1. Limited to segment 102-140, what total is found for residues that are in a loop (DSSP other than H, G, I, E, B) and of a type outside the set (A, V, I, L, M)?
2. Taking the stated definitions as given, is Gly44 assigned to a strand (DSSP E or B), under 24 Å from Phe263 (Cβ atoms), at pLDDT 95 or above and of a type outside the set (Asp, Glu)?
3. In segment 172-282, which strands (runs of 3 or more DSSP E) lie fully inside it and hold 2 or more residues that are within 29 Å of Ser155 (Cβ to Cβ)?
4. Got a number for residues in segment 150-164 being outside any loop (DSSP other than H, G, I, E, B), among the β-branched types (Val, Ile, Thr) and more than 19 Å from the chain's Cα centre (by Cα)?
5. Could you list, in sequence order, the residues of segment 259-271 that are crowded, with 16+ Cβ neighbours inside 10 Å and of a type outside the set (D, E, K, R)?
Amino acid sequence: MKNILVLLMIILSLGYSQAQTTVNLSKDSTFSGKVYAGIVGITGFSVESSDVSVAIPIRFGASLNWNPSKAFFLQTFGSYDLGSKLAIGSFSAGINMSWFRLQFGYFGPVSTVNHRPHPVSAAGQFETWTTSLIPGGGTTATVSFSPKKKPLSFSLSCTIRSSTQFEYHGGFVFDEKLKVSAWATNDKFGGGVITYNGKKWRATLVGTPKNIAVFCGVDVYKSVSIYFDAGVDSWLSKNSEGRTNLSLARGEFGILNSFSYKFLKGLVGVGYAQETKQVKGYLFLHI
């Protein structure tokens, strides 16, 4: 507990200098970056016994963008989760024009960038189970096209997972509200995802050969929202009798209330997870 309190004080102290920082080196050259820190307290109460589980994920991260000219850019970020010891990093470079963008390096392909939250963010630390089914970053090349005066863009990516495994991603974004992507691994279908971001609600549907999942969040009153995050395994496989071998992989719903005070932001919430048969309480603080 003492170590957790010390880490929390570090997180709070970072808040005074954390805000997004942009430095103009010259007329065209610009540095921008941010630092992130967050802590989540998750308490699970079993509805079948007196068992209680506690998890406290803590994440630190930073990102940096450099635009040495209007057309050329470099991007990098890194994050680290204490406890799980999960490290996520990225470094890429590219060319960006009004209608064309080319990016290469180690980063997320189209399906990742368009549908999963950035790891160096609150949404990235509090990511839904549904979006976590989408592939992550890798050695990638992405090309994007944006027709002039159209709220529409198309992107294609190739990601190398190993010497024998290649992923091909394609997708489009319309007005930042509707996003559709799909991917294939070598010559086999890998999955597809649809995301809609409205004023009052947002939803993501993911389908792979193994899972089908859906997340939906609805704003019900000011900072209060309700959510539903669920999915099944083995929805395409069948047993010896020809029946589908469906099994619940995730089934959680609940209510969240977000808040902010000066540099500190966060949320509190409560939900029920059917797959673990737990009532779960959340407390999330980040800067």
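The values are calculated or read from the model by the stated rules, or taken from the named source; none is laboratory data. Since the model is a prediction, treat every value here as computed from it, not as a measurement. No Cβ is skipped: glycine too gets one built from the backbone with ideal geometry, and neighbour counts run over all protein chains shown.
1. Qualifying residue count for the region: 15.
2. no
3. Of the strands (runs of 3 or more DSSP E) lying wholly inside segment 172-282, those with at least 2 residues that are within 29 Å of Ser155 (Cβ to Cβ) span 178-185, 188-197, 201-207, 211-221, 224-233, 247-261.
4. 1
5. The answer is Gly266, Leu267, Gly269, Gly271.
The rows are residues; the columns are (1) at pLDDT 95 or above; (2) buried (at least 17 other Cβ atoms within 10 Å of the Cβ); (3) touching a strand residue (DSSP E or B) at 6+ places or on another chain (Cβ under 7 Å); (4) farther than 23 Å from Ala249 by Cα.
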| position | (1), (2), (3), (4) |
| --- | --- |
| Thr164 | no, no, no, yes |
| Glu167 | yes, yes, yes, yes |
| Ile194 | yes, yes, yes, no |
| Val224 | yes, no, yes, yes |
